[in-house]
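Enquirer: Before we start, here is the structure in question, set down as structure tokens.
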Amino acid sequence: MADDKLKTVANKVEGIADEAKGRLKDAAGGLTGDLGLQAEGKFDQFSGMAQQEFADLYEEGEGVVEKAVTFVRDKPLLSLGIVSVLGLLVGCLVFPRGKRS
């Protein structure tokens, strides 16, 4: 669990660094008129922002999974009932009963 937190923080920091590097490249390309450097900077900015968003989503997903595991541990019979009802509903949707003559 602690390793996941460290990896998430490392991904965020790396994303922030990539975004900053991209901003510098974009500014340098704008000042020199180098469209290639400017485009590379925009790409780095986008890549850094995407990496930060992915790290945030990963953290949120971990929280949801932890809540689900706690719910199942605290209320195993209710969890089993919910899963059974959902299974029946999915089964009825996937395998509808046809008319029999």
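Enquirer: With (1) assigned to a helix (DSSP H, G or I); (2) open to solvent by 90 Å² or more (accessible area, probe 1.4 Å); (3) not aliphatic (A, V, I, L, M) as the list, and Pro96 as the residue in question, which single condition is left unmet?
Expert: (1)
Per-residue answers, yes or no, for (1) assigned to a helix (DSSP H, G or I); (2) of a type outside the set (Phe, Trp, Tyr); (3) open to solvent by 100 Å² or more (accessible area, probe 1.4 Å); (4) modelled with pLDDT under 90:
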position: Lys7; (1), (2), (3), (4): yes, yes, yes, yes
position: Ala10; (1), (2), (3), (4): yes, yes, no, yes
position: Leu31; (1), (2), (3), (4): yes, yes, yes, no
position: Glu40; (1), (2), (3), (4): yes, yes, no, no
position: Met49; (1), (2), (3), (4): yes, yes, no, no
position: Glu66; (1), (2), (3), (4): yes, yes, no, yes
position: Phe71; (1), (2), (3), (4): yes, no, no, no
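Enquirer: Under 7 Å between Cβ atoms, at least 6 apart or on separate chains: pull out the pairs that start in segment 1-30 with a residue that is under 14 Å from Leu57 (Cα atoms) and end on any residue that is surrounded by 13 or more Cβ atoms within 10 Å (Cβ to Cβ) and of a type in the set (Asp, Glu).
Expert: Asp4/Glu62; Thr8/Glu59
The values are calculated or read from the model by the stated rules, or taken from the named source; none is laboratory data. The shown structure was predicted, so the numbers you read here are calculated from the model rather than taken from an experiment. Cβ coordinates were reconstructed from backbone atoms using ideal geometry, including for glycine residues, and neighbour counts include every protein chain displayed. Just so you know, the surface numbers come from the protein's heavy atoms only, side chains and all, with ligands and any DNA or RNA stripped out. Shrake-Rupley method; radii C 1.70, N 1.55, O 1.52, S 1.80 Å.
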